[in-house]
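Have a look at the structure below, then the notes.
The values are calculated or read from the model by the stated rules, or taken from the named source; none is laboratory data. For clarity, every value in this text was computed on a predicted model and none was experimentally measured. Glycine gets a Cβ as well: all are built from the backbone with ideal geometry, and neighbour counts include every protein chain shown. Just so you know, the surface numbers come from the protein's heavy atoms only, side chains and all, with ligands and any DNA or RNA stripped out. Shrake-Rupley method; radii C 1.70, N 1.55, O 1.52, S 1.80 Å.
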Amino acid sequence: ADTTGAGDTFCGVFAASVFRKLSLQDTLRHASIAASLACRGVGAQTKMPFYDEIKENLHLISEAQSI
């Protein structure tokens, strides 16, 4: 896998999620999933996931629990 663009993807989805007024927890989950999906192949721009791909994979990160 190629991690090129994963950080850019994380930052872009993080900013978009803040703009959409998601909670910090949901913002971090969306950005983390998007960044991990961006490592699926080679190259940066062509690997950036679409929103529906992010939503389909949110179950891979459980919601944070208060401690």
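Working carefully through the options Thr27, Thr46, find the one that is farther than 23 Å from Glu63 by Cα, free of Cβ contacts under 8 Å to residues at least 24 places away in the same chain and of a type outside the set (Gly, Ala, Ser).
Numbers: Thr27 fails: farther than 23 Å from Glu63 by Cα.
Answer to the selection: Thr46.
May I ask you to list the residues in the stretch 26-41 that are within 16 Å of Asp52 (Cβ to Cβ), in contact with a Ser or Thr (Cβ under 6 Å, 6 or more places away or on another chain) and either part of a helix (DSSP H, G or I) or among the aromatic types (Phe, Trp, Tyr) (or both)?
Across the stretch 26-41, the qualifying residues are His30, Ala34.
Residue check, Gly43 against (1) open to solvent by less than 30 Å² (accessible area, probe 1.4 Å); (2) closer than 23 Å to Asp2 by Cβ; (3) touching a helix residue (DSSP H, G or I) at 6+ places or on another chain (Cβ under 6 Å), all met but one. Which one?
(3)
Name the single residue, out of those in the stretch 46-67 being aliphatic (A, V, I, L, M) and open to solvent by less than 50 Å² (accessible area, probe 1.4 Å), that is farthest from Asp2 (Cα to Cα).
By that ranking, first place goes to Leu58.
Consider Thr4 against the criteria (1) modelled with pLDDT of 90 or more; (2) open to solvent by 70 Å² or more (accessible area, probe 1.4 Å); (3) not charged (D, E, K, R): it satisfies all of them except one. Which criterion is unmet?
With (1) modelled with pLDDT of 90 or more; (2) open to solvent by 70 Å² or more (accessible area, probe 1.4 Å); (3) not charged (D, E, K, R) applied to Thr4, the lone miss is (1).
Any idea which of (1) modelled with pLDDT under 85; (2) in contact with a Phe, Trp or Tyr (Cβ under 9 Å, 6 or more places away or on another chain) is the one Leu28 doesn't satisfy?
The number of the failed condition is (1).
If we scan the stretch 9-25, do we find a residue that is assigned to a helix (DSSP H, G or I), surrounded by 19 or more Cβ atoms within 10 Å (Cβ to Cβ) and small (Gly, Ala, Ser)?
Checking the stretch 9-25: at least one residue is assigned to a helix (DSSP H, G or I), surrounded by 19 or more Cβ atoms within 10 Å (Cβ to Cβ) and small (Gly, Ala, Ser).
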